[in-house]
Amino acid sequence: MHYFGGLNLRVAILGVGAIGSLFASSLANTDVDLILYSRGSQSAALASTGLILTTIDGDIEHHQPDRWVVSDLEIIEPLYSCADVAIICGKSSSTPALAIAAEILLRPNGIALSVQNGMGHAERLVARLGKHRVLAGCTTHAAMRNGPGEVQWTGRGAIRLASLDDSDLAPDDRRVDDLLNLLDISGLNPEWEFDCAEMLWQKLLINVAINPLAAICGVRNGELLVRPDLHEQALSAMLEAAQVATAEGVDMSFFDCEAELKRVLEATAANRCSMLQDVMAGRITEIDSLCGEVVRRGEELGIPTPLNQQLLTLVKGIEHSTKTG
């Protein structure tokens, strides 16, 4: 067993989609105890046949179902207050329910880390757990679900973590240090950031540039690089969102939007972004926590965001069409 701070660590992963499955597979290669909070066919597969990961190198890893405990929407009492860490990977629309699940599963001094796309998730966790038990995060790892219990790692990246304003959590806190060490030995490449707002806005800018357009057009990320019309639209939406970030007091002067967009598109050219995967599967997307959040914050600050509003409207229209047929 790996011991962290003198005790064996128990980690709950809440939301076991593509990224949650990747994290579960990576953490399964350590000796920590795992709880996977999932639902539907994915939950059934994790409990009956386990999880199959196709690595970036094309290797196959099969983790047996006895490697973890699977919990569906009804958490059984023996799991109450048992986890040291809850990693929130679920869709933004599930955050209220996942916050309740985290509250049930975590020990009184356990901490939660949100690595969800968009903004506002950590604040919802704080409402349940308190600001001294919540870390904000984002990831540049990329993955794609191939079916229940099957995931493909399509892009190696990092997990960036930060504490919220006025939080006591820091790398010298044993709980945070244990988590950083765990993510490191599992190969997930953790990076501690000292400016939470800057970290989240930088990831949001990339997401509003790529995800909506790729989902609307039904294209892989690389098309936004090689097609000038799509690239111009992506960059314009990104720059518009950056104006809102600047108005909120976030220093964006060292973040070159055009260069960063080009870098990410080149690195993920063959990927189908998560929003495109959602649209193809007829699922609700995370557009509300991406472009929707830009529009909402822009309205509060009196900054027009017509491009993000248009992307929001179009993706919501696609969501509606997949529901109504």
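The values are calculated or read from the model by the stated rules, or taken from the named source; none is laboratory data. This is a predicted model, so every value here is computed, not measured. Cβ: placed from backbone, ideal geometry, glycine included. Neighbour counts: every protein chain shown.
State all residues of region 284-310 that are part of a helix (DSSP H, G or I) and over 18 Å from Ala245 (Cα atoms); if no residue qualifies, say none. Give the derivation first.
Taking region 284-310 first, the residues part of a helix (DSSP H, G or I) are 287-289, 291-301, 306-310.
Once the filter is applied, which keeps residues that are part of a helix (DSSP H, G or I) and over 18 Å from Ala245 (Cα atoms), region 284-310 yields only Gln310.
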Every pair of residues 6+ apart whose Cβ atoms lie under 8 Å, when the first sits in region 82-99 and is more than 21 Å from Ser274 (Cβ to Cβ) while the second is in a loop (DSSP other than H, G, I, E, B):
Asp84/Leu9; Val85/Leu9
All but one of (1) modelled with pLDDT under 95; (2) out of contact with any helix residue (DSSP H, G or I) (no Cβ under 8 Å at 6 or more places or on another chain) hold for Asp256, so report the exception by its number.
(1)
If I ask for residues that are in contact (Cβ under 8 Å) with a residue 60 or more places away in the chain and within 10 Å of Arg128 (Cβ to Cβ), which ones from region 102-115 would you list?
Ala102, Leu106
Which residue pairs have Cβ atoms under 9 Å apart, sit 6 or more places apart or on different chains, and have a first residue in region 219-230 that is polar (S, T, N, Q) and a second that is assigned to a loop (DSSP other than H, G, I, E, B) and crowded, with 17+ Cβ neighbours inside 10 Å?
Asn221/Thr268; Asn221/Asn271; Asn221/Arg272; Asn221/Cys273
I'm told Glu193 meets every condition in (1) in contact with a helix residue (DSSP H, G or I) (Cβ under 7 Å, 6 or more places away or on another chain); (2) more than 16 Å from Ala122 (Cα to Cα); (3) surrounded by fewer than 18 Cβ atoms within 10 Å (Cβ to Cβ) except one. Can you identify the failing condition by its number?
(2)
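Quick check, is Pro96 surrounded by fewer than 21 Cβ atoms within 10 Å (Cβ to Cβ), under 27 Å from Asn207 (Cβ atoms) and not hydrophobic (A, V, I, L, M, F, W, C)?
Working: surrounded by fewer than 21 Cβ atoms within 10 Å (Cβ to Cβ): yes; under 27 Å from Asn207 (Cβ atoms): yes; not hydrophobic (A, V, I, L, M, F, W, C): yes.
For Pro96, the condition - surrounded by fewer than 21 Cβ atoms within 10 Å (Cβ to Cβ), under 27 Å from Asn207 (Cβ atoms) and not hydrophobic (A, V, I, L, M, F, W, C) - is met.
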Residue list for region 131-153, restricted to those being in contact with a Leu (Cβ under 9 Å, 6 or more places away or on another chain) and part of a strand (DSSP E or B):
Val134, Leu135, Ala136, Gly137, Cys138, Thr139, Ala142, Ala143, Glu150, Val151, Gln152, Trp153
Scanning region 112-132 residue by residue, the ones that are more than 22 Å from Lys203 (Cα to Cα) and crowded, with 18+ Cβ neighbours inside 10 Å total 2
Which members of region 261-274 meet the condition of being under 21 Å from Ile287 (Cα atoms), in a helix (DSSP H, G or I) and not hydrophobic (A, V, I, L, M, F, W, C)?
Ser274
Restrict the check to region 81-88 and report whether at least one residue is in contact with a Leu (Cβ under 6 Å, 6 or more places away or on another chain), closer than 14 Å to Ile13 by Cβ and at pLDDT below 95.
no
Note: among Asp184, Asp166, Asp173, Asp178, just one is touching a strand residue (DSSP E or B) at 6+ places or on another chain (Cβ under 7 Å), in the same structural domain as Arg107 (by TED's automatic domain parsing), charged (D, E, K, R) and surrounded by fewer than 20 Cβ atoms within 10 Å (Cβ to Cβ), namely Asp184
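Answer yes or no: is there a residue in region 257-277 that is among the β-branched types (Val, Ile, Thr), surrounded by fewer than 18 Cβ atoms within 10 Å (Cβ to Cβ) and not assigned by TED's automatic domain parsing to the domain that holds Asn146. Talk me through it step by step, then tell me what you get.
If we filter region 257-277 for residues that are among the β-branched types (Val, Ile, Thr), which is where we start, we get 264, 268.
Remaining after also requiring surrounded by fewer than 18 Cβ atoms within 10 Å (Cβ to Cβ): none.
No, because not a single residue in region 257-277 is among the β-branched types (Val, Ile, Thr), surrounded by fewer than 18 Cβ atoms within 10 Å (Cβ to Cβ) and not assigned by TED's automatic domain parsing to the domain that holds Asn146.
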